[in-house]
Amino acid sequence: MPVRPRSIGPAGRPGSPWVSDLDPIGPPRQNPGCGPGTGPRFGENDRTKERASERVIAREGGAVTRREHWLLIGLVALTVAIHVAGMARTPLPSQDGLKFIRIAREFGDQPWADVVRRADQHPLYPALIAGLHPIVSSAIGEGPASWRVAAQGVSTLAMTAIVVPFFAFARELVGRRAGVLATLTFIALPISGRIGHETLSDATALLCAVGSLAMGLRAMRTGEVGAAIGAGAIGGIGFLARPEVALVPGVMAVGMGIWRKGRSAALFRSVAVLAPLLVCVGSYAAIKGTISEKLSMRYATGLGQGTGLARSVPHWLPRGLDDPRWDFSPKEESDAPGRLGLMPAVVLVAEGVGEASGWVVVPLALVGAMRGRGSARARRMVEMLAIAFAAVLVRHAMSAGYVSDRHGALLVALATPLSAAGALRIAGRFRPEPSRRRRLVIASLAVLAAVGIGVQLKPGHPSRWGHQQAGRWLADHARPGDAVLDTRGWAAFVSGLTAYDPWHIRQALTDARLSYVVVGVDELSAPSRRAETLGALLRFAAEPVAAFPSREGDEEIGVRVYRFRRPDSWEGIVR
């Protein structure tokens with residue numbers, strides 16, 4: 001097929017990012033010398049096109065051009081603006097984020113090895129929070145808000161830093177022009193907004209996964225051992241944020257051994273990827289005593305819920321509370337089924353990925369994957385990784401009965417460059433004039449960015465407003481030394497008091513300092529043994545002192561604060 005030469009930009013400069021070396025300018029011309037029996041052998045045209053695509057990708061894989069440099073600066077600035085605005089509109093961390101912040105605080109007070117052993121989360125994200133917190137606290141002052149901003153700041157920095165490796169990965173996969181479009185698309189997707197200013201480890205893990213993938217694809221194209229080592233090292237560091245990141249260098253090590261010419265050199269590069277990965281995983285396992293305590297990892301690998309760590313001292317409860325009918329579970333039981341069959345699990349994973357990608361990325365990616373014009377080896381590697389990660393998600397859904405859209409973030413990242421290539425392929429079918437095509441592309445990008453950013457800037461979790469007000473009330477009325485039991489954790493976090501989370505209700509009830517209990521009204525009215533237990537405890541040893549609606553402006557009470565007075569004996573408590 002004839003190939004359009006590189007275009008001349010508006011000022012006469014070559015290298016417009018909107019026209020690629022791979023743009024077809026018309027149907028393939030028929031070779032006049034070809035007739036029956038003289039044409040190319042079966043598959044020869046496809047191999048010729050593939051080799052041509054590989055040469056173009058190799059040429060495009062060089063240094064970033066000046067135009068791309070300024071485009072990346074603009075995308076980084078846009079990313080920062082989006083997530084800083086999102087941080088301002090999300091005044092409370094998530095419940096899982098409270099655990100990360102607690103671990104980060106422990107890093108500053110206790111030996112790090114002891115913190116890693118006791119924590120039920122991987123340590124990289126809370127360690128980064130602990131490292132950023134002194135800078136944040138010096139700017140806005142010490143307090144709960146500084147820890148929340150530090151946790152959000154780590155996620156925002158990760159989603160800002162991901163712009164460069166994501167563009168490098170997309171360029172390796174589909175070329176420069178589609179790589180720019182893919183990077184802008186990824187920034188505007190709902191999943192990027194959700195994890196980019198949340199107090200969770202997903203953004204840090206995704207940065208490492210994409211960085212490892214970009215280095216791995218570079219190693220496949222160039223054969224550089226340093227790039228292979230970098231891919232394994234970045235993936236190993238990402239394992240310290242979330243265990244599933246280790247899947248990226250693991251799959252790439254297998255792919256390098258299959259698709260690179262020269263068996264000995266291919267095996268050497270595979271070992272170069274695996275060695276730093278195994279060092280990181282082995283070091284963590286040596287300190288922790290197990291590869292991972294995360295339930296998602298244990299569900300996906302069939303290890304079950306146990307962590308392998310035995311409790312040295314059982315929880316003691318006073319007489320009256322030791323009745324086995326009492327339920328001190330940290331949360332209400334989920335309505336999701338405990339286990340799913342294969343097809344329901346596949347549907348659940350598809351829904352999660354669809355929600356994360358706005359329901360448009362995957363269909364366009366399928367178009368871009370068909371007869372794609374990018375690097376065939378890179379495309380096969382991405383497809384192999386997507387299949388492996390999708391299988392892990394399906395296994396998790398079958399075991400746990402749920403999948404969050406956050407779990408599908410890596411699949412969305414893998415599909416986005418192919419979706420950009422698919423969108424350009426569809427647009428190329430209309431064959432408008434070059435100037436009209438440029439205007440059409442710019443208008444489409446503007447609409448995409450506006451819609452995506454508008455979705456991302458919605459107020460974050462407005463139903464937590466009542467818990468925030470309860471925390472402020474506690475900060476004003478509690479005495480120094482008072483402790484609070486908060487079944488959701490947000491009010492206790494805002495108050496800054498000594499607090500017990502819902503995972504430590506038994507310990508809270510045996511602490512003489514416990515003075516307040518914060519509970520959601522929906523937790524008391526639920527038809528469950530846990531709700532009956534909480535109601536009986538509060539009727540027996542507490543009295544309501546404050547109440548707040550869940551959302552600002554609502555009249556219905558959603559959060560109650562109780563003054564707790566520890567009884568001399570619990571034997572009189574009744575269900």
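The values are calculated or read from the model by the stated rules, or taken from the named source; none is laboratory data. Small disclaimer: the values here were computed from a predicted structure and weren't measured. Cβ atoms come from the backbone with ideal geometry, glycine included; neighbour counts cover every protein chain shown. These accessible areas exclude ligands, DNA and RNA; they are computed on the full protein's heavy atoms, side chains included. Shrake-Rupley method; radii C 1.70, N 1.55, O 1.52, S 1.80 Å.
Here's a check for you: in region 109-132, which residue that is of a type in the set (Gly, Ala, Ser) and part of a helix (DSSP H, G or I) is farthest from Leu497 (Cα to Cα)?
The selected residue is Ala113.
Sort out which residues of region 416-436 are touching a residue at least 60 places away in the same chain (Cβ under 8 Å) and not β-branched (Val, Ile, Thr), and write them in order of number.
Pro417, Leu418, Ser419, Ala420, Ala421, Ala423, Leu424, Gly428, Pro434
Only one of these conditions is not met by Gly460: (1) part of a helix (DSSP H, G or I); (2) open to solvent by less than 50 Å² (accessible area, probe 1.4 Å); (3) at pLDDT below 90. Which number is it?
Of (1) part of a helix (DSSP H, G or I); (2) open to solvent by less than 50 Å² (accessible area, probe 1.4 Å); (3) at pLDDT below 90, only one is false for Gly460: (1).
Does region 299-332 hold any residues that are modelled with pLDDT of 80 or more, within 25 Å of His407 (Cβ to Cβ) and either small (Gly, Ala, Ser) or in the same structural domain as Ile287 (by the TED database) (or both), and which are they?
Ser329 - this is the single residue of region 299-332 that is modelled with pLDDT of 80 or more, within 25 Å of His407 (Cβ to Cβ) and either small (Gly, Ala, Ser) or in the same structural domain as Ile287 (by the TED database) (or both).
Against the definition (open to solvent by 10 Å² or more (accessible area, probe 1.4 Å), among the β-branched types (Val, Ile, Thr) and touching a strand residue (DSSP E or B) at 6+ places or on another chain (Cβ under 9 Å)), how does Thr498 come out, yes or no?
yes
Which of the residues that make up region 108-132 are under 19 Å from Glu142 (Cβ atoms) and open to solvent by less than 60 Å² (accessible area, probe 1.4 Å)?
Answer for region 108-132, where residues must be under 19 Å from Glu142 (Cβ atoms) and open to solvent by less than 60 Å² (accessible area, probe 1.4 Å): Pro126, Ile129, Ala130, Gly131, Leu132.
Which residues, counting only those in region 87-118, are without any contact (Cβ under 8 Å) to a residue 40 or more places away in the chain and aliphatic (A, V, I, L, M)?
Ala88, Ile103, Val115
Can you give me the ranges of the helices (runs of 4 or more DSSP H) entirely in region 189-279 with at least 2 residues that are in contact with a Leu (Cβ under 7 Å, 6 or more places away or on another chain)?
202-222, 225-239, 247-259
Would you pick out the residues in region 133-150 that are without any contact (Cβ under 8 Å) to a residue 24 or more places away in the chain and either part of a helix (DSSP H, G or I) or closer than 15 Å to Lys99 by Cα (or both)? Break it down stepwise before answering.
Start the filter on region 133-150 by keeping residues that are without any contact (Cβ under 8 Å) to a residue 24 or more places away in the chain, which leaves 134-142, 145-146.
Pro134, Ile135, Val136, Ser137, Ser138, Ala139, Ile140, Ala145, Ser146 - these are the residues of region 133-150 that are without any contact (Cβ under 8 Å) to a residue 24 or more places away in the chain and either part of a helix (DSSP H, G or I) or closer than 15 Å to Lys99 by Cα (or both).
Here is a yes/no grid of residues against (1) open to solvent by less than 10 Å² (accessible area, probe 1.4 Å); (2) within 23 Å of His407 (Cα to Cα); (3) over 20 Å from the mean Cα position of the chain (by Cα):
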position	(1), (2), (3)
Ala203	yes, yes, no
Ser212	yes, yes, no
Thr222	no, no, yes
Ala227	yes, no, yes
Pro249	yes, yes, no
Ala265	no, no, yes
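Restricting to region 513-544, name every residue that is in a helix (DSSP H, G or I), open to solvent by 10 Å² or more (accessible area, probe 1.4 Å) and under 21 Å from Arg464 (Cβ atoms).
Val521, Asp522, Leu524, Ser525, Leu534
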